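Before any comments, here is the structure.
FYI, it's all coordinate maths here, none of it is from the lab. This one's a predicted model, so the numbers in the text were calculated from it and none came from an experiment. So basically every Cβ, Gly included, is an ideal-geometry build from the backbone, and we count neighbours across all protein chains shown.
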Amino acid sequence: MTDPLTWGIPDSLSTLRPAGEADYRQVELEIRKERAVWAGHLRSARQETKLVLERTGFRELRGNARRESVDGRPLLPGSCLLLSRLESSEAILRKMARFGEELCCMLDIWGIRLVVPDASSLDEIGRLAQAQWKDVPERQLMLRGGQMKFAPVRDYRATAHLGRSEATSSAYDQAIHVNRCAPFGVVEIQVMTHDLFLRAFRTGGSRSLIAASLIDGPAR
């Protein structure tokens, strides 16, 4: 017996391209039933990622050290921010409706963000991300009704790549995004420099920055 494409959701529903409000409502109900379990999977994935980082000599900042880094204090070599978030039910449904995608093709329901000191760390941590878990099944990479194969590794230092949104600023330039298939579903791992993290997410001080970019809060 194979694992479901999206944990807890029957594949018949996970691969459904909703045709109307009733279909979206059915998907929403199933998502809400599973959210507590999904949040537990995210915590496990976060812990696995932390152990991988520690084995390679990277230390996650916590407490005051993390807040100071979010406020702009430079990350020291060998240190990093490890952030995570579970996509809200509303955001999942909006994205499905916007692109006409199936639930199984939502590749960032579980998200992990690794903030590293500088550009020299991007490739090293990016390789670690690509070695974690398994490759995403091709079925889940076929977006836009099967018309576009999404790249599971996207290097934003390049000016263009397949699937890059037109809304993505050219200033988003020091990041590698990787999609990997964990036992419970597809995880998006974003590796970025501290400089880009501050430029991309600092909008109103550390409180709003943390609220916009962390997953450590309660799942909705």
Least to most buried among THR56, THR15 (fewest other Cβ within 10 Å first): THR56, THR15
Using alpha-carbon coordinates, inclination of helix 122-131 to the longest axis of the chain, degrees: 40 degrees
Cα point-scatterer Debye curve for the range 27-128, base-10 log of I(q)/I(0) at q = 0.16, 0.18 Å⁻¹: -0.81, -0.92
Under 15 Å, Cβ to Cβ, from GLN147 - net charge with Lys/Arg +1 and Asp/Glu -1: +1
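Around CYS104, what is the net charge, scoring Lys/Arg as +1 and Asp/Glu as -1 over all other residues with Cβ under 9 Å from its Cβ? Before the final figure, lay out each step's value.
Details: positive: ARG139; negative: ASP11, GLU101, GLU102.
Residues close to CYS104 contribute a combined charge of -2.
Which three semi-axes in whole Å describe the equivalent ellipsoid of the chain, each the square root of 5 times a Cα gyration tensor eigenvalue, listed largest first? Intermediate results must be reported in sequence, preceding the final value.
Values: eigenvalues 170, 69, 60 Å².
So the three semi-axes of the chain are 29, 19, 17 Å.
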Non-local Lys pairs in the chain, i.e. 8 or more apart or on different chains, that have alpha carbons under 25 Å apart: 5
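Taking 0.36 nm per residue of separation and subtracting the Cα-Cα distance, what length does fully extending SER44 through LEU29 add? Intermediate values should be presented prior to the final figure.
Details: separation 15, 0.36 × 15 = 5.40 nm, distance 2.40 nm.
Length gained, SER44 through LEU29: 3.0 nm.
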Total charge dipole magnitude, the chain, about the Cα centre, Cβ charges on Lys, Arg, Asp, Glu only, Debye to nearest 20: 440 debye
